[in-house]
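All remarks here apply to the structure that follows.
Bear in mind that the values in this text are calculations on the coordinates, not laboratory data. Only a predicted model underlies this, so the values are computations on that prediction, with no experimental measurement involved. Note that we place each Cβ from the backbone using ideal geometry, even for glycine, and neighbour counts take in every protein chain shown.
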Amino acid sequence: MKKSVISGSYVRLGYQKGGQSKEIFQNLHFDLLPGQLTCLLGPNGVGKTTLVKAILGKLPLWDGKLVLQDREISNYSQAELSRQLAVVLTEPVLAGNMTVGQLVSLGRTPYLGWSGYLSVKDKQIVNQAMELTHLIELKDERLSELSDGQRQKAMIARALAQDAPIMILDEPTAHLDLVNRFEIMQLLHGLSRTQDKSILVITHDLDIALETADYLWLLRKGQSLIAGLTEDLILRGKVNELFPSSSIRFNSDRGKMELDRPEVKVEVNGDESQVSWLLNAMKKSGINAATSPIFLEKEPFCIRYEEFEFQSIQEFLAYLY
Amino acid sequence: MLGAGMVLVISFLLNVSLGSVSISISQVFEGLFFGEWSRDSLRQILVNYRLPKALVAILAGLGLSISGLQMQTFFRNPLAGPYVLGISSGAGFGVAILILAGSIFGFASHAVNPWAIAIAGTLGAGLILVLVSLVAWRVKDSMTLLIVGVMFGAAVSAIISVLAYFSGAEALKLYTIWSMGSLGGLGWEQVWMMMGVVLVGLFPVVFSIRAFNALLLGESYASSMGVNTTRLRWWMILSAGLLSGVVTAFCGPVAFVGIAVPHMARIIWKTADHRVLFPASALCGAVLLLLCDALGQLPGSAQSLPINAVTSLIGAPLVIGLVLKRNFSKDF
């Protein structure tokens, strides 16, 4: 296994406000692996953003060690850190008057002199970043004219232009529709491979994280961090530990979240996917049992129950009520 | 940018040629470049009165615009300007102490010359600057700094009101006239002095262009790109303080230029890049003040309007138009 680019050991973090101090977590261990897409998942308020702040050197550790490429993060200057780490944050960017090209050029800031003059090489890197994110046609569009998905891609392009081996993104898929969410994550996964970037994504999007992430970090309140290959964590049932309340759980067979509802006790015969959707609908309606077996038929779809035939699940449920 | 430079030259000539005695532009040319004057009185007017005034207009327009642009970007607030950090109020405070308190307590009854006013204004601006810097040193958040600046301004205005309430009619009039602003009445020594301070104030700007560009994305992004935002904040306070402090001290508070001109530059040049915006704002500011001053001369008459009234008359509709027509948060 390759050496990790960021590693934390015995990390303890918290905030100090006035005379009070509030510990967020302690005894955290983690390793960010090179050239891989890692997703950090956890409930709100568990300290994901706090952890990222510490990695960015903005928050002093209370305890433990945070090492970036063989050197403790606290020993890096801001300028040195900016060549190792590029970020995409949640805070909105207000500069609507800026073009995509100008925004991506800002990524070169750590390498420029005080005048902000871009050399030929800088411009090449900026163009390459826009090509990798498929933004080259939008080069001269103003940020205020872009869609949310395009703007997020532009922010990713800016981070790429910063030419740092590590990228950290704080909820890059928030506020985006399903297609854009997949596109962004797919893009990031591609970048981790083709550009050899080590990418850490903080997200709430379990479905998409499972689909695209190579590794997962699961952070839970007051407990240690679970890290591992995504599929390993699924098979070992670790993903379920994200949900301390018993009302939601992760169905590892279907690869998605489910509300923990009572099982429907009924015999259903038919195509596997049809059966599961029918049971889903029955669970939602609170119908837990049916007296006789149900038969499902494909093309045309119909439900046979007792001596009746139903054309849709809706009709069927109405009958059972 | 070249076109704007031409406009500046034309405004300059226009400004110099207009006034109670009209001097044609060709006469100005001949006089300035070949030393040929048709009458000696024209030379007197031009060299001792109009040239310094035009230079002061350029310096004031440039200084206020550049300090306004810095504050707008730094605070990411389209309505920030030299008034916002309390700097203009601070200069007003210094002058109020000199003129108003002077008349109340009798330490400066009649001997109020421009140097004394300038020194008092500079000291006042400097005082507020030091206070704001102390706050800046303690708070990390630029919004908090903005609010504190506005509060300092409010508190200082209150003190000025109290002083005005107790002072005599003579002093009150003197202070009121100062607070209306004036570009004229300064001798060459004061012009050189002003130019020197403005140059010193521009110095930090030149070295902060890259940082100001990065700051367009916000403080967190800027620092993630290796920009030292704390150092930039000190540079900004120093530069904006010097620029707007010296202008207010010599010319009185000049309204709207600091707020409106950076927006004009953004709209005309359609960019957010500070490599363009700084020189563009400087040019626009200089042109605007030259034209406002020419307009305030009421060409052909011996009367002239206070510069603050003219800039406000032009600036207020401009800012209202900007607010109504354009979405600030999108265009900023």
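Restricting the range B:196-266 to chymotrypsin sites (Phe, Trp or Tyr not before Pro) that sit in a DSSP loop and have at most 16 other Cβ atoms within 10 Å of their own Cβ leaves B:F207. Entry note, chain A: relative contact order of 18 percent, from Cα contacts under 8 Å with a spacing of 6+ residues.
Where in the range B:1-60 are there trypsin sites (Lys or Arg not before Pro) that are in a DSSP coil and have at most 13 other Cβ atoms within 10 angstrom of their Cβ? Passing both the DSSP loop test and the Cβ count: B:R39.
Each residue of the range B:276-282 is assigned a 3J(HN,Hα), and the resulting list reads 8, 5, 5, x, 5, 4, 4 Hz, derived from the Karplus form 6.51 cos²θ - 1.76 cosθ + 1.60 (θ = phi - 60°), x at Gly and Pro.
Calculated mean residue ellipticity, 222 nm, chain A: -9000 deg cm²/dmol, from DSSP H runs (n ≥ 4) at -39500 (n - 2.57) each, averaged per residue and rounded to 500. Inter-chain neighbour count for A:93-106: the average number of beta-carbon atoms from partner chains within 10 Å of each residue's beta-carbon is 6.
Note the per residue figure in Å³ for the convex hull of the C-alpha positions in chain A.
On the way: hull volume 62.4 nm³, N = 321.
Normalising the Cα hull of chain A by residue number yields 194 Å³.
Each Cα pair under 8 Å and six or more residues apart adds its separation to the average, and for chain B the resulting relative contact order is 31 percent.
Around A:T203, what is the net charge, scoring Lys/Arg as +1 and Asp/Glu as -1 over all other residues with Cβ under 13 Å from its Cβ? Before the final figure, lay out each step's value.
On the way: positive: A:K48, A:R181; negative: A:D170, A:E171, A:D205, A:D207, A:E211.
My count for the surroundings of A:T203 gives -3.
Placing unit charges on each Cβ (+1 for Lys and Arg, -1 for Asp and Glu) gives the range A:127-169 a dipole about its Cα centre, and among A:Q128, A:L143, A:Q162 the Cα reaching farthest toward its positive end belongs to A:Q162. For the range B:22-30, backbone phi angles converted through the Karplus equation (6.51, -1.76, 1.60; θ = phi - 60°) give residue-by-residue couplings of 7, 10, 5, 4, 5, 5, 4, 4, 4 Hz, Gly and Pro being listed as x.
For the range A:268-320, the relative contact order comes to 30 percent (Cα pairs under 8 Å, sequence separation of at least 6).
Just checking the output field for B:225-236: average partner chain Cβ neighbours within 10 Å of each residue's Cβ? Intermediate results must be reported in sequence, preceding the final value.
Values: counts 18, 12, 5, 3, 1, 1, 0, 0, 0, 0, 0, 0.
Averaged over the peptide's residues, the number is 3.
Shape class of the protein assembly as shown from the Cα gyration tensor (axes a ≥ b ≥ c, square roots of the eigenvalues): prolate, since a/c reaches 1.5 or more and a/b is larger than b/c.
Relative to the longest principal Cα axis of chain A, at what angle does helix A:272-285 sit, 0 to 90 degrees, rounded to 10? Long axis of A:272-285 versus the principal axis of chain A: about 90 degrees. Please go through the range B:102-206 and write out the chymotrypsin sites (Phe, Trp or Tyr not before Pro) that DSSP classes as loop and that have at most 14 other C-beta atoms within 10 Å. Here the chymotrypsin sites (Phe, Trp or Tyr not before Pro) that fit, given the DSSP loop and packing criteria, are B:F107.
What's the magnitude of the charge dipole for the protein assembly as shown around its Cα centre, counting Lys and Arg as +1 and Asp and Glu as -1 at the beta-carbon? Answer in Debye, nearest 20. Before the final figure, lay out each step's value.
Numbers: 52 positive and 50 negative charges, 417 e Å.
Charge dipole, the protein assembly as shown, about its Cα centre: 2000 debye, nearest 20.
Shown for A:L320, A:L242: other C-beta atoms within 10 Å of each C-beta, ranked fewest to most, produce the order A:L320, A:L242.
Max-minus-min Cα coordinates of the range B:2-331 on each principal axis give 64, 53, 36 Å, with the largest extent listed first. For the pair A:W277 and A:Q186 in one chain, pulling the backbone fully straight at 0.36 nm per residue adds 30.0 nm over the alpha carbon distance. Amide H contacts of A:V87 (H built 1.01 Å from N, in plane; Pro and chain starts excluded): A:I168 sit under 5 Å, all sequence-distant by 5 or more or on other chains. Largest first, the three principal axis extents of the alpha carbons in the range B:186-297 are 50, 29, 19 Å in whole numbers.
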